[in-house]
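Please treat every number below as a calculation from the coordinates, not as lab data. All of these numbers come straight from a predicted model, not from anything done at the bench. Neighbour counts run over all protein chains shown; Cβ positions are idealised from the backbone, glycine included.
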Amino acid sequence: MSLNSSIGKIILTAGAVAAFVVAALPSGAQAGEVGNRARVQQARINQGVRNGSLTYREYAHDESHLARINAQRRFDLYKNGGSLTPAERARLNGELNVNSGRIYYTKHNAFNQ
């Protein structure tokens, strides 16, 4: 089995898990700035894998950071009945800002697949 085939299976699995998680959230929780930004960052990570600008290690690292942010978002939504407080939204946006820079760096550094 080739590395690209393995990464493709990982991406498909991650996509299926993300789709399940989004479907399990209340409808009001699916929309919103934080959720949209997380989806855009996931797409950027997937694009980096497809075009070879991310190594497997970089992919795993970026993916784990985004998963942690998404887990915190889901917990905050659950805790507050499907909405985020302004403080939680600001904290999550700050974490997404840092993660966005991390994704940019790993996609544009000298390491390629």
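Figures for the structure shown
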{"quantity": "Around Arg44: net Lys/Arg minus Asp/Glu count, Cβ-Cβ under 9 Å", "calculated": "0"}
{"quantity": "Size-normalised alpha-carbon gyration radius of segment 31-113, reference 2.2 N^0.38 Å", "calculated": "1.16"}
{"quantity": "Spin-label pair Val98/Lys79, simplified geometry with 7 Å Cα→Cβ offset, distance in nm", "calculated": "1.6 nm"}
